[in-house]
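Asks: Please find one structure pasted underneath; my questions will follow.
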Amino acid sequence: MSTPEESERRTAMDSMTTGARVTGRGLASVARGTGRFSRFAFRSARRAAAAEGADSSGLSRLIELGALNAAADAAVAISLAGTLFFQIPTGEARGQVSLFLALTLLPFAVVAPLIGPILDRFSHGRRWAIGATMAARAFLTWVLAGSVDSSSVWLFPAALGVLIGSKAYNVARAAAVPRLLPEGLTLVTANARMSMAGMVGVAISAPIAAGASAIGPAWSLRYAFVVFIVATVLAIRLPKRVDSRQDEDDLGFLSGEASEAPDRAGARRGRTKVRIPPSMAFALRANCGPRWLSGFLTLFMAFLLRVHPIAGHSPQFLLAAVIGAAGIGNFAGIAAGSLMKRVNPKVTVVLAMLADAAAAIFAALAYGLFSLCLLGLIAGLAQCLAKLSLDSTIQRDVPERVRTSALARSDTTLQLAWVTGGFVGIGLPLNPRVGMITAAVVLVAWSLFVLASPRRRTPESAPAQA
């Protein structure tokens with residue numbers, strides 16, 4: 001006969017065993033589901049990347065490289081989430097958040113004036129330049145893996161170096177897209193497929209990185225190191241068409257490019273003198289509106305919904321709803337860009353800017369959960385389509401010898417617009433009407449400025465390159 005205590009112990013042990021079995025089966029089921037989704041996403045992404053001649057032209061290999069880049073960047077972000085970038089408590093003063101905003105400009109401040117021109121000078125070895133951005137980040141993630149637990153003095157410089165390398169890769173990759181563009185595929189579509197591949201890379205890599213990070217933040221960084229090493233090899237093995245010929249015509253190899261005549265004497269003296277095409281200037285100005293709104297909403301809503309949540313909803317739910325709507329809009333923009341057969345980038349950037357202004361006006365007049373979600377959805381959609389159109393305009397109209405510098409400077413300008421919007425969002429009183437009216441007024445005024453700015457007419461390139 002067992003005593004009551006022994007019976008209770010056996011019952012408790014049986015319960016624990018049963019719970020462990022149920023938990024194990026649940027984890028195994030989740031793992032199988034994640035594996036099936038990852039395989040499906042991988043196969044679908046490879047088919048999409050190789051469609052419409054992208055496989056034969058070599059564009060599919062650049063798209064796959066973009067997926068690896070996004071996968072490794074996601075692993076780095078997950079590892080550093082609790083150690084460097086997100087240690088600021090939500091209740092801290094706005095001044096600390098402002099300092100964080102200013103720090104986000106550092107990578108762009110280096111890429112635009114320094115890295116962009118360097119990459120332009122080595123355009124005849126672009127494969128090695130892209131590979132160098134991968135190899136440098138592989139080294140820095142290994143340094144981070146050894147520093148993240150001990151809070152070494154190298155932690156912040158190495159993390160900043162990873163961000164700079166990521167921006168350098170983005171502009172070098174964008175400059176390479178036109179050289180691998182298959183006939184009949186538009187630049188907007190190619191850029192959208194790049195973005196879609198990046199999302200697939202993040203979706204597959206994030207669970208792996210999160211599992212590694214559960215062991216320790218250094219392990220997800222070591223995982224990122226391996227991915228960067230693989231990406232380095234793939235970058236060097238890109239098609240030779242990625243590289244420019246040293247004797248290639250300064251006007252670019254794409255037929256119909258609208259560019260300024262080269263300064264031959266300046267080129268012989270080692271200087272490049274090219275004026276920004278009016279089409280790029282117009283698209284860049286138009287993009288500043290959606291990007292400003294993105295920064296404004298991110299910071300203003302983060303503070304507002306904690307202090308003045310909408311009745312009947314928790315701040316966490318409201319933030320998740322608005323962020324989720326923006327994410328859906330961004331995904332819809334990528335999907336639309338990858339499916340559209342014919343698109344006019346100039347019209348797209350104008351419509352994106354005006355759509356943001358209309359959504360902000362509606363949110364100011366009818367403030368509530370629906371109007372905020374609609375604003376987030378349109379903001380995500382407009383920002384994505386406008387950026388795809390801007391990149392395609394630069395890829396089409398800017399001479400190849402300065403294309404990387406142009407892409408770097410455009411990214412810097414857009415980041416400055418985002419940070420400016422964030423500063424405005426932090427500085428305004430936490431009043432929903434004041435915030436929405438301010439956003440509407442700024443967007444309407446900026447739209448009028450962009451549309452009224454004098455523009456010189458430039459030759460249009462072939463529709464396939466739009």
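The values are calculated or read from the model by the stated rules, or taken from the named source; none is laboratory data. All figures in this text were calculated on a predicted structure; none of them were measured in a lab. Please note: Cβ atoms are built from the backbone with ideal geometry, for glycine as well, and neighbour counts cover all protein chains shown.
Asks: Of the residues Ser259, Ser255, only one is of a type outside the set (D, E, K, R), assigned to a loop (DSSP other than H, G, I, E, B), at pLDDT below 80 and touching a Gly at 6+ places or on another chain (Cβ under 7 Å); which?
Replies: On inspection, the qualifying residue turns out to be Ser259.
Asks: Collect the residues in the stretch 291-314 that are of a type outside the set (A, V, I, L, M) and under 30 Å from Val349 (Cα atoms), keeping them in residue-number order.
Replies: Scanning the stretch 291-314 gives Arg291, Trp292, Ser294, Gly295, Phe296, Thr298, Phe300, Phe303.
Asks: Residues to consider are Ile208, Ile215; find the one that is surrounded by fewer than 20 Cβ atoms within 10 Å (Cβ to Cβ), closer than 20 Å to Ala145 by Cα and at pLDDT below 90.
Replies: Ile215
Asks: Which of the residues spanning the stretch 332-383 are in contact with a helix residue (DSSP H, G or I) (Cβ under 7 Å, 6 or more places away or on another chain) and outside any helix (DSSP H, G or I)?
Replies: Residues satisfying the conditions are Met340, Arg342, Val343, Tyr367.
Asks: Looking at Leu381, Leu354, which one is of a type in the set (A, V, I, L, M, F, W, C), surrounded by fewer than 24 Cβ atoms within 10 Å (Cβ to Cβ) and assigned by TED's automatic domain parsing to the domain that holds Leu297?
Replies: Leu354
Asks: Could you check the stretch 291-312 and list, in sequence order, the residues that are touching a residue at least 12 places away in the same chain (Cβ under 8 Å), part of a loop (DSSP other than H, G, I, E, B) and under 13 Å from Leu372 (Cα atoms)?
Replies: Across the stretch 291-312, the qualifying residue is only Ile310.
Asks: Let me confirm something: among Gly435, Gly422, which residue is under 30 Å from Gly165 (Cα atoms), buried (at least 18 other Cβ atoms within 10 Å of the Cβ) and either modelled with pLDDT of 90 or more or of a type outside the set (Phe, Trp, Tyr) (or both)?
Replies: From the options Gly435, Gly422, the qualifying one is Gly422.
Asks: Given the structure, is Arg401 part of a helix (DSSP H, G or I), within 26 Å of Val242 (Cβ to Cβ) and of a type in the set (Lys, Arg)?
Replies: So Arg401 fits the description; yes.
Asks: In addition: Count, please, the residues in the stretch 408-450 that happen to be outside any helix (DSSP H, G or I) and hydrophobic (A, V, I, L, M, F, W, C).
Replies: 2
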